[in-house]
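Quick notes on the structure that follows.
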Amino acid sequence: MTGMIIKGVGGLYTVLTDGGERIACSARGAFRHEGVKPLVGDRVSLSNDADGAAIDDILPRRNTLVRPAMANLTHLFVVIPAAKPKPDLVTVDKLVALAEDRGIEPVVVVNKCDVDRAEADRIKSIYEGAGFNCFTICAATGEGCDALFGFFTEISKSKVTLSALAGASAAGKSTLMKRLFPTVDFKTGDVSRKIERGRHTTRHVELFEVPDAPGCYIADTPGFSMLDFTRFNLLELSSLAASFREFSDCLGKCRYTKCTHTKEEGCAVLEKVREGKISKTRHDNYVALYNEIKAIPEWKRKKEASE
Ligand SMILES: Nc1nc2c(ncn2[C@@H]2O[C@H](COP(=O)(O)OP(=O)(O)O)[C@@H](O)[C@H]2O)c(=O)[nH]1
Ligand SMILES: [Mg+2]
Ligand SMILES: [Zn+2]
């Protein structure tokens, strides 16, 4: 039997089998001797024996996140408030670049469009212009959410998708989760998780399937701020430009082979910025991130990467 781990607490896993059955199981496979732990999002093979069901093997992963501990993320929905709090697009572009770097499709959701519609539209045009799917919504009233929910259905039509919401505190992630899963009591979940966290310091991730979008799973990751995504050491300076998708046509066309695309003469990226074909905001944020990564001393980068 094969399936996907949708929940894991203290060595006990819930696997949703390809047949649609939920099975509680432990891990028995040889991977345990190699120090490999099954993660939420893992595709696994499992079987029954006298002791009950257990995971025999973990199928190859498409990617792994350490914090939150999960595997095989396909989409990262970056939630940006149009206002209250003021949107921080440098952080947004950091999340987007890190997702790109790991082969996770970033999708931009501009929330609170009721508070500042002009700003919501401005942000939308930046990200659509860069080549991303982008939605403007008001999670509080549900305005614009139908298009977003339609997108969930669309991406999950031919394959299982596994998404997470990321974004600044108070962007509206919890409000959106409640709209997606009106019957799930995330609040209760939060409380019990807090108690568990006090005891073991682990953070549990749980996957929920979107009603009306079979095969579309969203990770509930309470109380964490996408730590993997905000620690920047995981992205190399050399791969930053490739993580800005609208730069891709320019790469390799600059006058200098070692062009950093920040200020050089004859830079093909800067040329497109001047022509208005690449958003100045996105390029400014690229330069900000470039300088931020460059300022991390090598020893610190290595230390953080091994933590
Ligand atoms: N005006 C407005 N307020 C919203 C909207 N969505 C969420 N909020 C409010 O913004 C605050 C933060 O929302 P929350 O979902 O907790 O954000 P989170 O920290 O990203 O989970 C709450 O007071 C929400 O009621 C929206 O679309 N419009
Ligand atoms: Mg929240
Ligand atoms: Zn260049």
Please give the contour-minus-distance gain from VAL90 to VAL184: 0.36 nm per residue of separation, less the Cα-Cα distance, rounded to one decimal in nm.
-> 30.6 nm
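Over region 104-180, what is the relative contact order in percent, taking alpha-carbon pairs closer than 8 angstrom and at least six residues apart? Kindly include the intermediate steps, with their values, before the conclusion.
On the way: 71 pairs, mean separation 21.3, N = 77.
Contact order relative to length: 28 percent.
Quick check: residue separation of LEU12 and THR257 times 0.36 nm, minus the Cα distance between them. What number comes out in nm?
83.0 nm is the gain from fully extending LEU12 to THR257.
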Nearest 10 degrees, 0 to 90: what angle lies between the long axis of helix 89-101 and the longest principal axis of the chain (Cα atoms)?
-> 60 degrees
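Below 8 Å, C-alpha to C-alpha, sequence gap of six or more: please give me the relative contact order for the chain in percent. The partial results should precede the final answer.
Numbers: 526 pairs, mean separation 48.5, N = 307.
Here the relative contact order equals 16 percent.
Once you've got the Cα coordinates, tell me which of LYS7/LYS303; LYS124/LYS178; LYS124/LYS280; LYS253/LYS277; LYS112/LYS178 are over 19 Å apart.
Values: LYS7/LYS303 30 Å; LYS124/LYS178 23 Å; LYS124/LYS280 14 Å; LYS253/LYS277 16 Å; LYS112/LYS178 15 Å.
LYS7/LYS303; LYS124/LYS178, as the Cα separations exceed 19 Å there.
Using 0.36 nm times the number of residues separating ASP101 and ARG122, minus their current alpha carbon distance, what extension gain do you get?
Details: separation 21, 0.36 × 21 = 7.56 nm, distance 2.54 nm.
Separation in residues times 0.36 nm, less the Cα-Cα distance, equals 5.0 nm.
Taking 25 °C and 0.890 mPa s as the conditions, I'd like the Stokes-Einstein D for the chain in µm²/s, using the Kirkwood hydrodynamic radius from alpha carbon pairs.
On the way: Rh = 20.9 Å.
Rounded, D is 117 µm²/s.
Which percent, to the nearest 5, of DSSP beta bridges fully inside region 1-159 are antiparallel?
On the way: 22 of 36 bridges.
Bridges in region 1-159 that DSSP calls antiparallel: roughly 60 percent.
How high is the FRET efficiency between VAL115 and ALA288 when r is their beta carbon distance and R₀ equals 25 Å, given to the nearest 0.05? Before the final figure, lay out each step's value.
Working: r = 25 Å, r/R0 = 1.01.
Efficiency, rounded to the nearest 0.05: 0.50.
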For LYS300, which lysines qualify as cross-link partners when the Cα separation must be under 30 Å and same-chain residues fewer than eight apart are set aside?
-> LYS37, LYS94, LYS258, LYS263
Run down the aspartates and glutamates and flag those whose C-alpha is under 19 Å from the C-alpha of LYS159, throwing out any fewer than 8 positions away in its chain.
-> ASP18, GLU21, ASP42, GLU105, GLU209, ASP212
Efficiency of FRET from Cβ geometry, GLU21 and ASP51, R₀ 22 Å, rounded to 0.05 | 0.75
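Evaluate 2.2 N^0.38 Å with N set to the residue count of region 232-306, then give the Cα radius of gyration divided by it. The partial results should precede the final answer.
Details: Rg = 13.2 Å, N = 75, 2.2 N^0.38 = 11.3 Å.
For region 232-306, the normalised Cα radius of gyration comes out at 1.16.
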What FRET efficiency do you get for HIS33 and ARG62 if R0 is 22 Å and r is their Cβ-Cβ distance, rounded to the nearest 0.05?
-> 0.40
Within the chain: Cβ-based charge dipole about Cα centre, in debye rounded to nearest 20 (Lys, Arg +1; Asp, Glu -1) | 820 debye
From Cα coordinates alone, what are the radius of gyration and Dmax values for region 16-75 in angstrom?
-> 12.0, 38
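Suppose we keep just the DSSP beta bridges with both residues in the chain; what percent of those would be antiparallel, to 5? Walk me through the intermediate numbers first.
Details: 27 of 49 bridges.
Of those bridges, close to 55 percent are antiparallel.
Given a cut-off of under 8 Å on Cα pairs at least six residues apart, what relative contact order in percent is computed for region 1-92? Kindly include the intermediate steps, with their values, before the conclusion.
Values: 155 pairs, mean separation 19.7, N = 92.
For region 1-92, the relative contact order is 21 percent.
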Acute angle (nearest 10 degrees) that the helix 145-155 long axis makes with the longest principal axis of the chain, alpha-carbon atoms = 70 degrees
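Where a number appears in this text, it was derived from the coordinates with a stated rule and is not lab data. Since the structure is predicted, the reported quantities are computational estimates derived from the model, not experimental observations. Note that each Cβ is placed from the backbone with ideal geometry, even for glycine, and that neighbours are counted across all protein chains shown.
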